[in-house]
Amino acid sequence: MKIELFDTTLRDGTQGEHVTLTVDDKIRIARRLDDFGIDVIEGGWPGSNPKDKEFFERARDIEWKHAQICAFGSTRRAGLAPEDDPNLRALLEAETPTVAIFGKSWTLHARVALGVSLEENLELIASSVAYLKAHGRRVIYDAEHFFDGYQDDPAYALETLRAAAEAGADVLVLCDTNGGTLPSDIYRIVGEVRRQFDVPLGIHTHNDTGCAVANTIMAVAAGARHVQGTINGIGERCGNADLCVVIPNLQLKMGFTCVPEEKLAQLTDLSRFVNEVANLTPIDRAPYVGRSAFAHKGGVHVSAVMKDPRAYEHIPPEKVGNRRRVLVSDLSGKSNIQYKAAELGIELKEGEQARQAVQRIKELEHLGYEFQGAEASFELLLRTIQGEDTRFFTLDRLRVRTEIDEDGGVCNSEATLAIRVQDARELVVAEGNGPVDALSNALRKALRCFYPDLDQVHLSDYKVRVLNSDDGTAAAVRVLVEHRDGERRWHTVGVSTNILEASWQALADGIRYYLLKKRQGELAASAALASAQRT
Ligand SMILES: [Zn+2]
């Protein structure tokens, strides 16, 4: 059975803290939602701001593949005829096939927020819905605060729904606007409403009790067939129901149809795309789409998953476009290391080598190394254990000098570095914007005559974390470094009680990794050439 998906990322989602979207952003997201198979895209509230108005002007000229674009607004104001009401007029001027309007279901809100009599509130709902229907719109009626209203005065809450239904509303959406209702109540109330109306019911929940997804699912179990939510659950206060969780739950666990199966496999991409455009940090432990959703850390888990993924995975990650990750950590056993090594194309010999690798990683992690975010350092380590020479250069001597004046205005750093490459020794001095930058510049300068390609490589991110901070200045620091070369980026790690020493390790690993990849590329190319010459 098909569930109608109504996405309000662009309306309720943008009411969340830290979420701002330009009109361009909104158009990009809407195109992506359309492509994914969302049925209705709520673009904004045209009566409330010029940005949303512009969105609808631009949306009009776009050919949508599947989705209906929907404008949002409130029922008319008391004392105004529908045709004179600026909000209803803005809704029509948005020229969308579908409109969503919200009205009051709770006597408290009618009396206090609107300041109208209960009869008048019914009349506002009925006349607004009828007016939009008369203009050929599909009308989705959002019953604001429905669950609070129903628990307070069920007969009146039902009367407001009846006013909307009799005026021609196409869907009655029961909203848990304050997000305070629990799943058992949602299930009971949706069931009670279901028995009184033939009009399809919808559900709109907020996450204030951490139950937005559960509430949505219970509403569907009780008969709702229209589901509202946002991508990644962004939205006012604690957010809305997260469609990235609701959709796979309904489709993979309950047998409903939300989107075509091949579209479901784009869910993780969609989630990341919206985070990227909205400039939000992704939540690693997000169900289904988070980076950690199918990450295995414990050695027992990993060895079982390698035999049969169902042992510790509730669904195959590919179904939602995510992937399995095996983490390397002090919880790791041999299985993690072997899985990881195989992923990197390294064949660790059973027995001694694998055991040695586990031992070495555990020692390093005890010192504060963390390889989960530094896979390039991890690969260098494994290759070294395997007997490969990955040094490329060795440090002879290193000195960094930094001057800071009273205002902190001038912060000039200078690094003097002597390194050895095979039998040659190179001594250079380089400046930089801070000591790490100076060190990074000096290292590339010293190596340039041996490896001219290094000019493409640059330091793109640098993070420091203080470990065991109870020890004050003696605390060790962990430095994570990111390098890029135009097409790739890779991460390395260093740990020491001296921040420059830790930085040096991470920087040197970063350069070594680049040189290793280059050497592998050259070896592969010459092997290909040799085999081409043979044939
Ligand atoms: Zn809402």
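Some observations on this one:
- For segment 340-408, alpha-carbon Rg relative to the globular expectation (2.2 N^0.38 Å, N residues): 1.58
- Crossing angle, helix 435-447 versus the chain [Cα axis fit, 0-90 degrees, rounded to tens]: 50 degrees
- Protection proxy ranking of 86-93, 220-227, 7-14 - average other beta-carbon atoms within 10 Å, highest first: 7-14, 220-227, 86-93
- Net charge, residue 381 excluded, C-beta distance under 14 Å - Lys, Arg +1, Asp, Glu -1: -2
- Percent of beta bridges antiparallel (DSSP, the chain, rounded to nearest 5): 50 percent
- Evaluated at q = 0.11, 0.17, 0.21 Å⁻¹: base-10 log I(q)/I(0), Debye formula over Cα of segment 186-342: -0.53, -1.02, -1.27
- Checked against a 25 Å cut-off, the cross-linked pairs 307/340; 2/263; 65/253; 307/517; 51/319; 65/263 give Cα-Cα distances beyond that limit for 65/253; 307/517; 51/319.
- When peptides 242-250, 492-500 are sorted by average Cβ neighbour count within 10 Å, with the highest value leading, the order is 242-250, 492-500.
- Relative contact order for segment 389-535, counting Cα pairs under 8 Å that sit 6 or more residues apart, in percent: 14 percent
- Assuming charge only on the beta carbon of Lys and Arg (+1) and of Asp and Glu (-1), the dipole of the chain about its Cα centre is about 1920 debye to the nearest 20.
- Radius ratio Rg over Rh of segment 414-535, counting only Cα atoms, Kirkwood formula for Rh: 1.08
- Judged by the mean number of other Cβ atoms found within 10 Å, the most tightly packed of the peptides 349-356, 196-203 leads the ranking 196-203, 349-356.
- Spatial extent of segment 84-177: Rg and Dmax, with the Cα atoms as the point set, Å: 12.6, 37
- Dipole of segment 220-315, positive direction: furthest Cα of 301, 251, 226, with charges on the beta-carbon: 301
- The orientation-averaged projected area of the convex hull spanned by the Cα atoms of segment 478-522 comes to 3.0 nm².
- The chain: translational diffusion in µm²/s, Stokes-Einstein, Kirkwood Rh over Cα pairs, 20 °C, 1.002 mPa s: 79 µm²/s
- Spatially proximal lysines relative to residue 53 (Cα-Cα < 16 Å; intrachain offsets below 8 disregarded): 26
- A compact globular protein would have a Cα radius of gyration near 2.2 N^0.38 Å; the ratio found for segment 1-127 is 1.14.
Read-outs throughout are calculated quantities, based only on the coordinates presented, and are distinct from any laboratory measurement. Every value quoted in this text rests on a predicted model; they were computed, and no experiment measured them. All Cβ positions, even for glycine, are placed from backbone atoms using ideal geometry, and neighbour counts span all protein chains on display.
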